[in-house]
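Okay, structure first, notes after.
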Amino acid sequence: MLFGKYQFSCCFTDNASLPYYKGSTFRGVFGRALKQVVCALKKEECTQCILKEQCVYALVFETTCALKMPEGSKIASPPHPFVLKPPLEKKTEYKAKETFNFNLLLFGKINHSLPYFIYAFDQMGAIGIGKKVNGIRAKFELNEVKTGGHTIYSKSDKKLHNDYKPTKLSVEPATAGANENFCIKLTLETPLRLKFENRLNEALPFHILTRAMLRRISSLLSCYGSGEPPLDYRGLVQRANSVQIQESNLKWFDWKRYSFRQNKSMLMGGITGSVTYEGDLQEYLPMIEFCEKAHIGKQTAFGLGKIKTRQINK
């Protein structure tokens, strides 16, 4: 599967007031800006639009109606082909001329539409983000875009250099370990929303984490890669039950987002903190590595479900 990670560097031109968790704010304004940029039939609903299967906005934000699922797919609805990773800093007040960065992850062929995303983010700066300060939302300028440490766009020339190349993201089936137990510490860098048995969970036993990773991997590779990966789904879940939680510092974090489409505030919540697992974890490492890059859980488009792991000595 094609995978692109793009870092956007920006500078506020006004004083800004942003929420503690900024993913929803960025995602909402980004959606409006992208629609303004690419929508050809603005009076049509995406579900009825004849162009929906070719429209960048529909493929990104109205994925369910725009993307044809592979024949025989067991996936209920396709995942969005992007993750918007907002600034993770806790500060909420910014002064004019302060800089901030965020990352955009793209999955599959939508990487070839990167120029639309860059132009949309440039227009997003003109729309403004955050709460109104002195009657206006804070505007910003897009200074540059980087990938792989190379600048591919800058405001000085307003040109996209065509030497950027998305990498490949895949997961290879791994054999079960040699009954050698070790520990990994998993840190949730952004809130994680998972459903198990139709309920949002605050606990995170390893089998629930494994189910979430398998769903994420399967859905992304089925929709944007070469198809369903040949993983031992049932066996992986069964063996995950033997992995134990050694230490847990998880807690529930609630936050609000405002939906422009539904014209109301919505209470969101997710798990934050860290958890340490102990067990025969070797065969799960390729899955964990994949999901560290791709995020897991619900609302990943907001930047939720960013995980980071490290192996620790017992």
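The values are calculated or read from the model by the stated rules, or taken from the named source; none is laboratory data. Not measured: the values here are computed from a predicted model. Counting neighbours? That spans all protein chains shown, and the Cβs are built from the backbone with ideal geometry, glycine included.
Out of contact with any helix residue (DSSP H, G or I) (no Cβ under 7 Å at 6 or more places or on another chain), at pLDDT 95 or above and either more than 25 Å from LEU169 (Cβ to Cβ) or outside the structural domain of ILE129 (by TED's automatic domain parsing) (or both): does that describe THR276? Quick ask: steps written out before the conclusion?
Working: out of contact with any helix residue (DSSP H, G or I) (no Cβ under 7 Å at 6 or more places or on another chain): yes; at pLDDT 95 or above: yes; either more than 25 Å from LEU169 (Cβ to Cβ) or outside the structural domain of ILE129 (by TED's automatic domain parsing) (or both): yes.
It is true that THR276 is out of contact with any helix residue (DSSP H, G or I) (no Cβ under 7 Å at 6 or more places or on another chain), at pLDDT 95 or above and either more than 25 Å from LEU169 (Cβ to Cβ) or outside the structural domain of ILE129 (by TED's automatic domain parsing) (or both).
Does LEU88 satisfy the criteria of being not assigned by TED's automatic domain parsing to the domain that holds PRO191 and not in a loop (DSSP other than H, G, I, E, B)?
Numbers: not assigned by TED's automatic domain parsing to the domain that holds PRO191: yes; not in a loop (DSSP other than H, G, I, E, B): no.
Criteria not met by LEU88.
Working only within segment 275-303, note down all residues that are more than 16 Å from ASN313 (Cα to Cα), in contact with a strand residue (DSSP E or B) (Cβ under 6 Å, 6 or more places away or on another chain) and outside any helix (DSSP H, G or I).
Matches in segment 275-303: HIS295, GLY297, GLY303.
Restricting to segment 168-194, give me the number of residues that are under 17 Å from the mean Cα position of the chain (by Cα) and not aliphatic (A, V, I, L, M).
Narrowing segment 168-194 to residues under 17 Å from the mean Cα position of the chain (by Cα): 168-170, 187-194.
The next check asks that each one be not aliphatic (A, V, I, L, M); those that pass are 168, 170, 187, 189-191, 193.
Qualifying residue count, segment 168-194: 7.
Hey, does segment 156-169 have a residue that's in contact (Cβ under 8 Å) with a residue 24 or more places away in the chain and in contact with a Gly (Cβ under 7 Å, 6 or more places away or on another chain)? Even if it seems obvious, please write down each step before you answer.
Here is the first cut: in segment 156-169, the ones in contact (Cβ under 8 Å) with a residue 24 or more places away in the chain are 160, 164, 166-169.
Pick out the ones that are also in contact with a Gly (Cβ under 7 Å, 6 or more places away or on another chain) and you get 166.
There is at least one residue in segment 156-169 that is in contact (Cβ under 8 Å) with a residue 24 or more places away in the chain and in contact with a Gly (Cβ under 7 Å, 6 or more places away or on another chain).
Taking into account only those residues within segment 216-247 that are of a type in the set (A, V, I, L, M, F, W, C), in contact with a strand residue (DSSP E or B) (Cβ under 8 Å, 6 or more places away or on another chain) and under 21 Å from LEU204 (Cα atoms), which is surrounded by the most Cβ atoms within 10 Å (Cβ to Cβ)?
Only one residue fits best here, namely VAL243.
Any residue that is free of Cβ contacts under 8 Å to residues at least 24 places away in the same chain and under 22 Å from GLN123 (Cβ atoms) - is there at least one of those in segment 66-79?
yes
Hey, among LYS90, LYS35, LYS52, which residue is over 17 Å from the mean Cα position of the chain (by Cα), over 19 Å from ALA301 (Cβ atoms) and not hydroxyl-bearing (Ser, Thr, Tyr)? Walk me through it before giving the result.
Details: LYS35 fails: over 19 Å from ALA301 (Cβ atoms); LYS52 fails: over 19 Å from ALA301 (Cβ atoms).
Result of the check over LYS90, LYS35, LYS52: LYS90.
Please go through segment 269-293 and give me each residue that is within 19 Å of TYR233 (Cα to Cα) and among the aliphatic types (A, V, I, L, M), ordered by number.
Matches in segment 269-293: LEU281, LEU285, MET287, ILE288.
What pairs can you find where one residue is in segment 230-242 and under 14 Å from ILE217 (Cα atoms) and acidic (Asp, Glu), the other is at pLDDT 95 or above and not in a helix (DSSP H, G or I), and their Cβ atoms are less than 8 Å apart, with a gap of 6+ or different chains?
Matching pairs, first to second residue: none at all.
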